[in-house]
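Structure first, then comments.
A short reminder: the numbers here are calculations on the coordinates, not readings from a lab. Computed from a predicted structure; not experimentally measured. With ideal geometry, Cβ positions are generated from the backbone for all residues, glycine too; neighbour counts draw on all protein chains shown.
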Amino acid sequence: MSEFWLISAPGDKTNLQAWERMNTVTSKSNLSSNSKFHIPDLKVGTLDALVGLSDELGKLDSFAESIIKKIAQYIGEVMEDSKDKVQENLLANGGLKDNMKCLKIDLISYLTRFEWDMAKYPIKQPLKNISEALAKQVTQIETDLKTRSAAYNNIKGNLQSLEKKTVGNLLTRTLADIVHKEDFVLNSEYLITLLVVVPKSSYVQWQKTYESLSDMVVPRSTKMIAEDAEGGLFTVTLFRKVMDDFKAKARENRFMVREFYFDEKELKCEKEELMKLASDKKQQYGPLLRWLKVNFSEAFVAWIHVKALRVFVESVLRYGLPVNFQAMLLQPNRKSVKRLRDVLNVVFKHLDEVAAASLMDPGMDIPGLQLSNQEYYPYVYFKIDLSLLDCS
């Protein structure tokens, strides 16, 4: 499963008891894979500040998660590739050093081996300052994402619009890559060359009748210059003054005259615009993808630090001072989610008998608690969902 449970319980002097009890019962039954989640000694501050920060961190948690999902999805859009290929590019800066270089590792490895980034988020400053620094960082990433994606999407959208014109049928598609100057009688006061789309089944009829559809059609002036699955594109030259009559008669015979007048300058501009947009998209692709991968990592790392802050704050509020709790990361076995929840409830029910009882009896209210029963457990609990590409 790509879902993890980040929980905490009060520890003894060594913090071993809470971890060992939980790990023994869950591992023995293969309910989950577990690891300790290391949170440094952060500054506690006042109780009032912690209560206010708890609410702010909840909002920041949701905001940060939404941004990393947006980036993950946008990487998929930009790469225009398979989900597995995109997933390979969703990495985190592991904080692990190899020859003084930061390694990029997969998200699960980063999470299960989490280390607080002391350089980026110094732990001697107040918790609120750390929270504000994380919020500022994620907000800036969101702002930059909007700007960069808008610029790239504009180029991509314009290119797709032009490309669509090159793949329609002969009645609708652009003719810039089909027609040539020599196909037309140009700069004549009396003559004009029209383009007519003729169904395949009517080729013989066209050849027999086009000269007699109206007066003043130039004999033997037709030739086919393009063909698709449905029909062919034919030229025909006639006198300008009979053009409307010819169009009407052609329509009666299911020959469709295209409204097209050869303009070499306009066709050249259309070709150049297509080439320019394709070039611009190619030039922006590399730098944009690199930015997305770097900032996905930055946002993801920030999000997990927000989770760590939430566990710390909620554990202090729930278990009191001095600070003494063990944070634990569980990856539930897909088939054992309900069983795991029941086992944890038994192991930690002594922490909050009322909450534990309410879980056994879903109809029971928890006095003074605003959260629904499903969100409140005897232990501190937060979910981390790494199925970043499955979100809508």
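Key figures for this structure:
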quantity: Value of relative contact order over region 181-261, rounded to a whole percent, pairs C-alpha under 8 Å and six or more apart; calculated: 40
quantity: Net length gained if the chain between Ile225 and Leu191 were fully extended (0.36 nm per residue, minus Cα distance); calculated: 10.3 nm
quantity: Kirkwood estimate for region 147-227, i.e. one over the average of 1/r between Cα atoms, Å; calculated: 15.9
quantity: Nearest 10 degrees, 0 to 90: helix 16-28 Cα axis against the chain principal axis; calculated: 60
quantity: Stokes-Einstein D in µm²/s, Kirkwood radius over Cα pairs - region 56-185 at 37 °C with 0.692 mPa s viscosity; calculated: 172
quantity: Crossing angle, helix 264-319 versus the chain [Cα axis fit, 0-90 degrees, rounded to tens]; calculated: 10
quantity: Rounded tilt (10° steps) of 127-165 against the dominant C-alpha axis of the chain; calculated: 20
quantity: Ratio Rg/Rh, restricted to region 181-261 and using Cα atoms, in which Rh is the Kirkwood radius; calculated: 0.93
quantity: The chain: translational diffusion in µm²/s, Stokes-Einstein, Kirkwood Rh over Cα pairs, 25 °C, 0.890 mPa s; calculated: 92
quantity: Highest-MSF residue in the chain out of Leu292, Leu233, Leu277 [GNM, Cα springs under 10 Å]; calculated: Leu233
quantity: Highest-fluctuation residue, Gln205, Gln17, Gln125 considered, GNM on the chain with Cα pairs under 10 Å; calculated: Gln205
quantity: Amide H partners (placed H, <5 Å) of Ser32, local residues excluded; calculated: Asn333
quantity: HN-Hα J in Hz across region 42-57 - Karplus 6.51, -1.76, 1.60, θ = phi - 60°, x for Gly and Pro; calculated: 8, 6, 6, x, 8, 4, 4, 5, 5, 5, x, 5, 4, 5, 4, 5
quantity: Dipole of the chain [Lys/Arg +1, Asp/Glu -1 at C-beta], most positive-end residue of Asn23, Ser66, Ser54; calculated: Asn23
quantity: Among Ile75, Ile67, Ile225: highest mean-square fluctuation, GNM of the chain, C-alpha pairs under 10 Å; calculated: Ile225
quantity: Residue order, fewest to most beta carbons within 10 Å, for Thr139, Thr235, Thr26, Thr193; calculated: Thr139, Thr235, Thr193, Thr26
quantity: Integer Hz, Karplus 6.51/-1.76/1.60 couplings in order for region 80-92, x for Gly and Pro; calculated: 6, 10, 5, 4, 4, 5, 5, 4, 4, 8, 8, 10, 10
quantity: The chain, relative contact order in percent, only Cα pairs under 8 angstrom and at least six apart counted; calculated: 36
quantity: Value of Rg to Rh for region 106-167 (Rh from inverse mean 1/r over Cα pairs, i.e. Kirkwood); calculated: 1.29
